[in-house]
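First up is the structure itself, then whatever we jot down about it.
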Amino acid sequence: MLRRFRRVSVFLVIFFTLGVSSSVLAESLQPASLEDQWGKKQTLSYVDGWFILAADKTRGEWVKESLLALKVTDLTKHKLVYVADLSSIPSFMLSFVGLPILKELPFKVLLDREGEVSKTWPRKEDKITVFLSQKGEVKEVRFFDSQESLEGFLRSNILI
(Lines give C-alpha, C1' and ligand atoms only; values in the text may rest on other atoms or scores of the structure.)
Protein backbone atom coordinates (compact mmCIF):
# COMPACT_ATOMS: atom_id res chain seq x y z
CA MET A 1 0.00 0.00 0.00
CA LEU A 2 2.81 2.39 0.89
CA ARG A 3 4.59 1.63 -2.40
CA ARG A 4 1.47 2.36 -4.35
CA PHE A 5 1.01 5.64 -2.48
CA ARG A 6 4.62 6.64 -3.29
CA ARG A 7 4.14 5.82 -6.99
CA VAL A 8 0.96 7.86 -7.12
CA SER A 9 2.68 10.72 -5.27
CA VAL A 10 5.62 10.70 -7.68
CA PHE A 11 3.24 10.58 -10.64
CA LEU A 12 1.23 13.53 -9.30
CA VAL A 13 4.37 15.59 -8.66
CA ILE A 14 5.59 14.94 -12.22
CA PHE A 15 2.13 15.56 -13.69
CA PHE A 16 1.66 18.89 -11.93
CA THR A 17 5.23 19.99 -12.65
CA LEU A 18 4.73 19.32 -16.35
CA GLY A 19 1.35 21.04 -16.20
CA VAL A 20 2.92 24.20 -14.80
CA SER A 21 5.59 24.16 -17.50
CA SER A 22 2.97 23.73 -20.20
CA SER A 23 0.86 26.58 -18.90
CA VAL A 24 3.88 28.88 -19.00
CA LEU A 25 4.53 27.93 -22.61
CA ALA A 26 0.88 28.33 -23.54
CA GLU A 27 0.93 31.92 -22.28
CA SER A 28 -0.69 34.37 -24.68
CA LEU A 29 0.87 37.64 -25.72
CA GLN A 30 -1.40 40.56 -25.01
CA PRO A 31 -2.10 42.86 -27.96
CA ALA A 32 0.16 45.88 -27.70
CA SER A 33 1.95 48.49 -29.75
CA LEU A 34 5.50 49.68 -29.28
CA GLU A 35 7.49 52.35 -31.05
CA ASP A 36 10.85 51.60 -32.61
CA GLN A 37 13.88 53.86 -32.25
CA TRP A 38 12.66 55.99 -35.21
CA GLY A 39 9.19 56.56 -33.69
CA LYS A 40 7.26 54.09 -35.90
CA LYS A 41 4.63 51.99 -34.12
CA GLN A 42 4.38 48.24 -34.51
CA THR A 43 1.52 46.12 -33.21
CA LEU A 44 2.59 42.89 -31.54
CA SER A 45 -0.76 41.17 -31.20
CA TYR A 46 -0.35 38.13 -33.44
CA VAL A 47 3.20 38.29 -34.70
CA ASP A 48 4.45 34.83 -35.62
CA GLY A 49 8.15 34.43 -35.08
CA TRP A 50 10.95 34.76 -32.58
CA PHE A 51 11.06 37.54 -30.00
CA ILE A 52 14.31 38.66 -28.41
CA LEU A 53 13.93 40.49 -25.09
CA ALA A 54 16.80 42.39 -23.52
CA ALA A 55 15.85 43.72 -20.10
CA ASP A 56 19.03 45.60 -19.17
CA LYS A 57 21.95 47.46 -20.74
CA THR A 58 24.41 44.55 -20.72
CA ARG A 59 21.96 42.13 -22.35
CA GLY A 60 21.05 44.85 -24.86
CA GLU A 61 24.72 45.17 -25.79
CA TRP A 62 24.94 41.41 -26.30
CA VAL A 63 21.93 41.41 -28.61
CA LYS A 64 23.24 44.41 -30.55
CA GLU A 65 26.72 42.94 -30.95
CA SER A 66 25.32 39.55 -31.97
CA LEU A 67 23.05 41.00 -34.64
CA LEU A 68 25.83 43.24 -35.95
CA ALA A 69 28.34 40.35 -36.02
CA LEU A 70 25.83 38.24 -37.95
CA LYS A 71 25.22 41.18 -40.33
CA VAL A 72 21.47 41.17 -39.70
CA THR A 73 19.79 44.31 -40.96
CA ASP A 74 16.21 43.18 -41.64
CA LEU A 75 14.80 41.34 -38.63
CA THR A 76 11.43 40.74 -40.32
CA LYS A 77 13.17 38.73 -43.05
CA HIS A 78 14.10 36.22 -40.34
CA LYS A 79 10.78 36.56 -38.44
CA LEU A 80 12.58 38.23 -35.54
CA VAL A 81 11.30 40.95 -33.24
CA TYR A 82 13.78 42.64 -30.90
CA VAL A 83 12.28 44.34 -27.84
CA ALA A 84 14.32 46.34 -25.35
CA ASP A 85 12.84 46.88 -21.89
CA LEU A 86 14.09 50.38 -21.12
CA SER A 87 12.11 50.91 -17.93
CA SER A 88 15.26 51.11 -15.80
CA ILE A 89 16.75 53.96 -17.87
CA PRO A 90 15.84 57.52 -16.84
CA SER A 91 13.88 59.22 -19.64
CA PHE A 92 16.35 62.10 -20.03
CA MET A 93 19.22 59.60 -20.49
CA LEU A 94 17.20 57.67 -23.04
CA SER A 95 16.31 60.83 -24.97
CA PHE A 96 19.76 62.40 -25.04
CA VAL A 97 22.05 59.36 -25.09
CA GLY A 98 20.20 56.11 -25.75
CA LEU A 99 18.00 57.03 -28.70
CA PRO A 100 20.77 58.62 -30.77
CA ILE A 101 22.83 55.44 -30.36
CA LEU A 102 19.85 53.20 -31.21
CA LYS A 103 19.05 55.26 -34.32
CA GLU A 104 22.45 54.35 -35.76
CA LEU A 105 21.62 50.62 -35.75
CA PRO A 106 20.68 49.01 -39.09
CA PHE A 107 17.85 46.97 -37.52
CA LYS A 108 14.63 47.83 -35.73
CA VAL A 109 14.51 47.83 -31.93
CA LEU A 110 11.07 48.07 -30.34
CA LEU A 111 11.21 50.15 -27.18
CA ASP A 112 9.26 49.16 -24.09
CA ARG A 113 9.92 52.43 -22.29
CA GLU A 114 7.80 51.70 -19.22
CA GLY A 115 8.32 47.92 -19.15
CA GLU A 116 4.57 47.37 -19.20
CA VAL A 117 4.31 45.40 -22.45
CA SER A 118 7.07 42.91 -21.66
CA LYS A 119 6.56 42.60 -17.89
CA THR A 120 4.58 39.34 -18.23
CA TRP A 121 6.88 37.82 -20.84
CA PRO A 122 9.16 34.96 -19.86
CA ARG A 123 12.39 36.28 -18.38
CA LYS A 124 15.20 35.47 -15.99
CA GLU A 125 17.49 37.93 -14.30
CA ASP A 126 20.75 38.61 -16.16
CA LYS A 127 19.67 36.58 -19.20
CA ILE A 128 18.45 37.32 -22.70
CA THR A 129 15.05 35.82 -23.41
CA VAL A 130 14.27 34.41 -26.83
CA PHE A 131 10.83 32.95 -27.37
CA LEU A 132 8.76 31.68 -30.26
CA SER A 133 5.28 33.08 -30.72
CA GLN A 134 2.69 31.43 -32.94
CA LYS A 135 -0.73 33.02 -33.30
CA GLY A 136 -0.10 35.06 -30.17
CA GLU A 137 0.91 32.12 -27.96
CA VAL A 138 4.36 31.46 -26.55
CA LYS A 139 5.44 28.05 -27.84
CA GLU A 140 9.13 27.82 -26.92
CA VAL A 141 11.38 29.78 -24.56
CA ARG A 142 15.17 29.94 -24.37
CA PHE A 143 17.41 31.91 -22.01
CA PHE A 144 20.97 32.96 -22.83
CA ASP A 145 23.64 33.98 -20.36
CA SER A 146 26.26 35.13 -22.88
CA GLN A 147 26.59 36.92 -26.18
CA GLU A 148 28.30 33.85 -27.65
CA SER A 149 25.46 31.49 -26.76
CA LEU A 150 22.87 33.87 -28.23
CA GLU A 151 24.91 34.35 -31.38
CA GLY A 152 25.35 30.59 -31.80
CA PHE A 153 21.60 30.00 -31.40
CA LEU A 154 20.71 32.72 -33.90
CA ARG A 155 23.25 31.42 -36.41
CA SER A 156 22.22 27.78 -36.22
CA ASN A 157 18.46 28.02 -35.62
CA ILE A 158 17.08 31.26 -37.00
CA LEU A 159 19.39 32.70 -39.64
CA ILE A 160 19.64 29.50 -41.66
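The values are calculated or read from the model by the stated rules, or taken from the named source; none is laboratory data. Since this is a predicted model, take the numbers as computed values, not measurements. Every residue, glycine among them, receives a Cβ derived from its backbone with ideal geometry; neighbour counts consider all protein chains shown. Surface accessibility is based on the protein's heavy atoms, side chains included, excluding ligands, DNA and RNA. Shrake-Rupley method; radii C 1.70, N 1.55, O 1.52, S 1.80 Å.
Of note:
- Of all residue pairs spaced 6 or more apart or on separate chains, those with beta-carbon atoms under 8 Å, a first member in the range 81-100 that is over 27 Å from VAL47 (Cα atoms) and a second member that is basic (Lys, Arg) and open to solvent by 20 Å² or more (accessible area, probe 1.4 Å) are SER91/ARG113.
- The listed residue being open to solvent by 30 Å² or more (accessible area, probe 1.4 Å), under 16 Å from LEU34 (Cβ atoms) and touching a strand residue (DSSP E or B) at 6+ places or on another chain (Cβ under 8 Å), out of VAL141, VAL83, VAL109, VAL117: VAL117
- Filtering the range 35-79 to residues that are open to solvent by less than 10 Å² (accessible area, probe 1.4 Å) and in a strand (DSSP E or B) leaves ASP36, GLY49, PHE51, ILE52, LEU53, ALA54.
- Of everything listed in (1) open to solvent by less than 40 Å² (accessible area, probe 1.4 Å); (2) at pLDDT 95 or above; (3) under 17 Å from LYS40 (Cα atoms), the single unmet condition for ILE128 is (3).
- Selection status of SER95, over 20 Å from GLU137 (Cβ atoms) and of a type in the set (Ser, Thr, Tyr): yes
- With respect to the conditions (1) in a helix (DSSP H, G or I); (2) under 19 Å from ASP36 (Cβ atoms); (3) touching a residue at least 40 places away in the same chain (Cβ under 8 Å); (4) not hydrophobic (A, V, I, L, M, F, W, C), ARG155 lacks only one, and its number is (2).
- Any hit, the range 25-33, residues being in contact with a Leu (Cβ under 6 Å, 6 or more places away or on another chain) and surrounded by fewer than 20 Cβ atoms within 10 Å (Cβ to Cβ): yes
- Just one residue in the set VAL47, VAL81, VAL141 is of a type in the set (Val, Ile, Thr), under 17 Å from LEU29 (Cβ atoms) and over 11 Å from the mean Cα position of the chain (by Cα); that residue is VAL47.
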